[in-house]
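The values are calculated or read from the model by the stated rules, or taken from the named source; none is laboratory data. Just so you know, these numbers come straight off a predicted model, no measurement behind them. Here Cβ is always computed from backbone atoms with ideal geometry, including for glycine, and neighbour counts include all displayed protein chains. Just the protein is used for accessible areas: all its heavy atoms, side chains included, with ligands, DNA and RNA removed. Shrake-Rupley method; radii C 1.70, N 1.55, O 1.52, S 1.80 Å.
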Amino acid sequence: MGIRFREVSYHYPQNHLQFHQAIEKISFQVSAKGEFIALVGHTGSGKSTLAQHMNALIFPTEGSVEIFGHSVTRKRNRKIRYNDLRKHVGLVFQFPEYQLFEETVEKDIIFGPLNYKVPLDEAKTIALKTLAQVGLDESYLNRNPFNLSGGEKKRVSIAGILALDPDILVLDEPTSGLDPEGKRVLMDLFQSIQFETDKTIVIITHDMDLVYQYTSRVLVMNQGKLVFDGTPEKLFRTAPLTEYQLSMPETIKVLQAINERLGLSIDIYQKTAEAAIQAIKEAVRQ
Amino acid sequence: MSMINIQDVTFSYTGKRLILKDINLTVEQGEWVAILGHNGSGKSTLAKLLVGLLEPKSGTIAIDGVLLTPDTLYEERKKIGIVFQNPDNQFVGVSVRDDIAFGMENLNVPREEMLEKIQFYAEKVGMSDLLEKEPSTLSGGQKQRVAIAGILAMQTKIMIFDEATSMLDPTSRNELMAYISTLHDEGITIIMITHDMEEALYADRLVVLKEGAIFEDDAKATLLRKPERFREARLDLPMALKIQSGLSKTDEKEKRVRDFLWEFVSAK
């Protein structure tokens, strides 16, 4: 189970307004459990187009995307209930405004479950639970989502997707625009959701520090092609980052500068400031 | 005469709590100031007040010696440009050329002069080969540069970057920061609104907002020596200083690394 891309391409008809980047012959697999994946790449590399294939929001022009046993191809298949696929894979948009539309937070969160025929009482219980999961208390239930701060809106939009209890959660730039504290809180939240429920989480991000600290696998898109699939460790040690228009995490940049300038041989591949400090202490003792 | 002079400014949306309180801030021509603060600290509101998108509840704002009032706003806005977070939200034209022209059209710049200026400023931001391109096909960094060209064409003296790099990929972001440095070198006053500490290191002066008030306002090198103030304002330290804080001040070898890290953050 999970998601399997087989030679997936997505193109536009000529003269079509370009809302999505084209992608070329993409093949990879995401398991239904326990993965924490970062999807990275320059602006316009096709990350969002790829992500929207993961829950059949758009259909491939060529190839197929197998989502929990159902093959999604160019032609719509009447036997597949696409909405049911979307229950397995929840997609959280970059801008919560695209997703939130009800007048209260509670209505927004129960909208999905009600759509899938969950009884109202039960949906309300779910709303309370998922709101707590994203770190908001019940006083938020009756608030208008549009009066919330950016970070709060993001959490509500995530709660709305969690309410459908998807196996795989795909989040398009969940931390962009958040301050450092907000980023940390949200990433810790994903980590704990994953730890407690074993859901697979896929985040699209430009933040190499978060990629290095939190995720266990990185997919790199470059000009519509999938050019790297491996651990963050391997990415930062071996991949041509400049060619991919990516950069090193700050820890590595700083340690590299120290080595160059002071002629030390600190192991630069450290994920956190604390680990970097230890590595420096060890290196200077040698 | 100061380029920006903000005196006793407060702001709130009708009947709500104060978003900004007692803001006093003077910026001289050619300064590069980073305005830092957590989400909701009021930093973007401050930017909107400066460009006249919002009006203070009390207090005054003067740009280049002229008080912002409903009568002067139209003229004064020409002196100050703003680049927003989402590059997609600032495009109106069907080509890069149209987009650079848009601001000038509003100012009724004669056609001949406008064409020259489009060429001139497109070259300046390195976009002259892409004038006929549709903005939606550009990279994030290119879009931000087009936005900057449009603003420069109005001959602004002040540029505000309101979290302008936060949606860019690492390469576009480095490109934009390098470009802002060249604007700074040319004497344009730069106000950079951000919560990214690595980015703030490029500025000469840091202004920290916390819960709507100015919490710190000092030269970069002075303020970075008070790391606790950043933590109190719910901001991170730059990575080099986070690492530095864990190294010994007495051990000779660690001290050498400490000293280098200090140099590293000061030199940007």
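Placing +1 on each Lys and Arg Cβ and -1 on each Asp and Glu Cβ, with no other charges, gives the stretch B:166-268 a dipole about its Cα centre of roughly 440 debye. Assuming charge only on the beta carbon of Lys and Arg (+1) and of Asp and Glu (-1), the dipole of the stretch A:2-247 about its Cα centre is about 1000 debye to the nearest 20. Between the helical axis of A:180-197 and the longest alpha-carbon principal axis of chain A there is an angle of about 70 degrees. How tilted is helix A:150-162 with respect to the longest principal axis of chain A? Cα atoms for both, answer in degrees (0 to 90, nearest 10). That helix lies at roughly 60 degrees to the long axis. Diffusion coefficient (Stokes-Einstein, Kirkwood radius over C-alpha pairs, 37 °C, 0.692 mPa s) for the protein assembly as shown: 129 µm²/s, rounded to a whole number. A convex hull fitted to the Cα coordinates of the stretch A:144-278 yields 138 cubic angstrom per residue. In chain B, the convex hull through the Cα atoms has an average projected area of 15.4 nm², a quarter of its surface area. The stretch A:45-125: D in µm²/s via Stokes-Einstein (Kirkwood Rh, Cα pairs, 4 °C, 1.567 mPa s)? Estimated diffusion coefficient is 90 µm²/s. Shielding of peptide A:36-47 by partners, expressed as the average count of other chain Cβ atoms within 10 Å per residue Cβ, is 3. Counting DSSP beta bridges with both partners in chain A, what percentage is antiparallel, nearest 5? In chain A, DSSP labels about 50 percent of beta bridges as antiparallel.
Taken across both chains, chains B and A shield about 3100 Å² of accessible surface from a 1.4 Å probe.
Take chain A and mark each of the chymotrypsin sites (Phe, Trp or Tyr not before Pro) that is in a DSSP loop with at most 13 other Cβ atoms within 10 Å; the longest unmarked stretch, sites excluded, is A:102-286.
Peptide A:277-284 shows a mean partner chain C-beta count of 5 within 10 Å per residue C-beta. In chain A, the longest principal axis of the Cα atoms and the axis of helix A:273-285 are about 20 degrees apart.
If both residues of a DSSP beta bridge must be in the protein assembly as shown, then about 50% of such bridges are antiparallel.
Taking each full run of DSSP H in chain B as one helix, which ones are at least 30 Å long along their axis (Cα atoms) and have mean Kyte-Doolittle hydropathy of at least 1.6? Both cut-offs are met by no helix. In the stretch A:2-247, taking the dipole from charged Cβ atoms about the Cα centre, the farthest positive-side position among A:SER247, A:LEU164, A:VAL211 is held by A:LEU164. Considering the stretch A:2-247, its Cα convex hull presents a mean projected area of 13.5 nm².
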